[in-house]
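The values are calculated or read from the model by the stated rules, or taken from the named source; none is laboratory data. Values in this document were obtained by computation on a predicted structure and should not be read as measured data. Here Cβ is always computed from backbone atoms with ideal geometry, including for glycine, and neighbour counts include all displayed protein chains. Side chains are part of the model used for accessible areas, which takes the heavy atoms of the whole protein and leaves out ligands, DNA and RNA. Shrake-Rupley method; radii C 1.70, N 1.55, O 1.52, S 1.80 Å.
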Amino acid sequence: MTDPSPAQQLLASPPPDSDVLVRAPGRANLIGEYTDVNEGWVLPVALELATVVAGRAGGGLLRLRSLDLPDEGTVEIDLATGRGPSSGWGRYATAVVEVLRDQGRALRGIDGVLASDVPLGAGLSSSAALEVAVALAVLDEPVDPLALAQLCQRAENEGVGVQSGLMDQLASTGSQAGAALLLDCRELTTEHVPLPPGLGVLVVDSAVSRDLSSSAYNERRQQCEQAAADLGVGSLRDATLDALEDRWSSMDEVVRRRARHVLTENARVLDMARALRSGDAAPLGALLAASHESLARDFEVSTPELDQLVEAALATPGVVGSRMTGAGFGGCTVSLVEVDRAQEVREEVLRRYAQASGRAPRGWVSTAADGASVV
Ligand code: ADP
Ligand code: MG
């Protein structure tokens, strides 16, 4: 057994004078990549890795210290004016308070600490976990998971300036243990689809930084808009593979492959949800493989390292399926693994990938966890 992390310690034994204790998990997306920006479907799971805030309620200030970034000192936000830091990690807290104030929500002051098991900047959405944890800590009224996720998304979009969909925040607020969260990104409806009891999630960071990702991300979005226009629909959500086939020869060679990825990926998300709903694990591996292939060939957002990492996983006994997850150009893969030997599998995948790539990967094992809560 490894020692409990600072976040686990905080959760298990918060400072004696604290009367507020909240946790908000990070997430991994099982399938449905670049579908959210096309009003399609995604299927994330909340991870056991979570951000914890413990503190004492009272007064008109949100005062927090992050045990993960001690050099940044104590962040202080005035709840009456919304004034707080506009740089460093504190800008996330300022942004959350700003949105809550704008909505006229009842807030309480907090003096406390936070710590997280979600690795910062690795693509497991430590930012959403932070926003949700801060919001739950300062909120002095109940807010349902969808509304909570939306206000945290707004904080990230407007306050931090990162354009992201709702998936990260909603996976953190709205998940249930043992299930993935099927999210319809147009209707904003969700369904909990159970994972087979014997399966868990392995996330491995390829240790390739995602430098190219923002310009390439914008280019992909633009190509999807072009494809939707070519197909005469407002968004690729409404296009069909038959329509794409009809227009195939008149479309740009790159744009039509981008569209094919989105259309087939949406179908794979729904296929996976259907398989999970009926307790059928048989198609899962092939669906993950097809998603990776489509992201690599049609959407061209994989890298040689992500391909190597998927190969390393697929060569390891106990792995059911594997693919890149997130926007690509580096970042992580997600695999479904047998939970009984998940740690062993993790070590073997890390070893194989390190050997193949010469890089130093990190990996995390988790079951599908519960969404955020006030403890
Ligand atoms: P990701 O969401 O993929 O982890 P982001 O770049 O979106 O990566 O968010 C990471 C940033 O969020 C960090 O640089 C930091 O500013 C902030 N953050 C997240 N978790 C914490 C934490 N536990 N303590 C302090 N800051 C955090
Ligand atoms: Mg983030």
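Take residue 17, project a point 7 Å from its Cα along the Cβ direction, then tell me which residues of the stretch 83-124 have their backbone nitrogen under 11 Å from it.
Residues 111-112 qualify, since their backbone N sits under 11 Å from the label point.
If amide H atoms are built 1.01 Å from N in the plane of the peptide, which residues on other chains or at least 5 residues away come under 5 Å of the amide H of residue 199?
339
With every protein chain kept in the model, how would you rank 111, 340 by accessible area, 1.4 Å probe, largest at the top?
Details: 111 60, 340 150 Å².
From most accessible down to least: 340, 111.
Over the chain, with every protein chain in place, what whole percent of the accessible area is carbon and sulfur at 1.4 Å, could you tell me? Could the numbers behind the result be given before it?
Numbers: 7400 of 15510 Å².
Carbon-and-sulfur percentage of accessible area, whole number: 48.
Is the stretch 6-192 rounded, prolate or oblate when judged by the Cα gyration tensor, a ≥ b ≥ c being the square roots of its eigenvalues, rounded requiring a/c under 1.5 and prolate requiring a/b larger than b/c? Please list the in-between numbers first.
Values: a/c = 1.76, a/b = 1.45, b/c = 1.21.
Judged from the Cα gyration tensor, the stretch 6-192 comes out prolate (a/c at least 1.5, a/b above b/c).
When the Karplus curve 6.51 cos²θ - 1.76 cosθ + 1.60 is applied with θ = phi - 60°, which whole-Hz ³J(HN,Hα) does each residue of the stretch 132-149 get, with x for Gly and Pro?
5, 5, 5, 4, 5, 6, 8, 5, 10, 8, x, 9, 6, x, 5, 5, 4, 5
For the chain, with the dipole built from +1 on Lys and Arg beta-carbon atoms and -1 on Asp and Glu ones, taken about the Cα centre, which of 41, 16, 109 lies farthest toward the positive end?
16
Tell me whether the stretch 196-366 comes out rounded, prolate or oblate; compute the Cα gyration tensor, take square roots of the eigenvalues as a ≥ b ≥ c, and use a/c under 1.5 as the rounded threshold.
Numbers: a/c = 2.79, a/b = 1.54, b/c = 1.81.
Since a/c reaches 1.5 but b/c is at least a/b, the shape of the stretch 196-366 is classed as oblate.
Any idea how far apart residue 162 and residue 140 come out in nm if each label point goes 7 Å out from Cα toward Cβ?
About 3.0 nm separates the two model spin labels.
Calculate the length of the line joining the C-alpha centroid of the stretch 100-124 to that of the stretch 182-231, in whole Å.
Cα centroid of the stretch 100-124 versus Cα centroid of the stretch 182-231: 24 Å apart.
Can you give me the solvent accessible area of residue 41 with a 1.4 Å probe, rounded to the nearest 10 Å²?
The accessible area of residue 41 comes to roughly 50 Å².
As a test of reading the structure, rank 264, 51 by solvent-accessible area (1.4 Å probe, protein chains only), most first. Display every interim value, and only then the final one.
Details: 264 30, 51 5 Å².
Of 264, 51, the descending order of accessible area is 264, 51.
Write down the accessible area per residue of the stretch 177-271 in Å², having rolled a 1.4 Å probe over the full set of protein chains.
Numbers: 4450 Å² over 95 residues.
For the stretch 177-271, the per-residue accessible area is 47 Å².
At a probe size of 1.4 Å, how large is the accessible area of residue 63, to the nearest 10 Å²?
Roll a 1.4 Å probe over it and residue 63 shows about 80 Å².
Using label points projected 7 Å from each Cα along Cα→Cβ, tell me how many nm separate residue 147 and residue 252, to one decimal.
With each label point 7 Å from Cα toward Cβ, the separation is 4.3 nm.
Which ³J(HN,Hα) values in Hz, rounded to whole numbers, follow from the phi angles of the stretch 243-249 under the Karplus curve 6.51 cos²θ - 1.76 cosθ + 1.60, where θ = phi - 60° and Gly and Pro get x?
Computed from phi, the couplings for the stretch 243-249 are 5, 5, 4, 4, 8, 3, 6 Hz.
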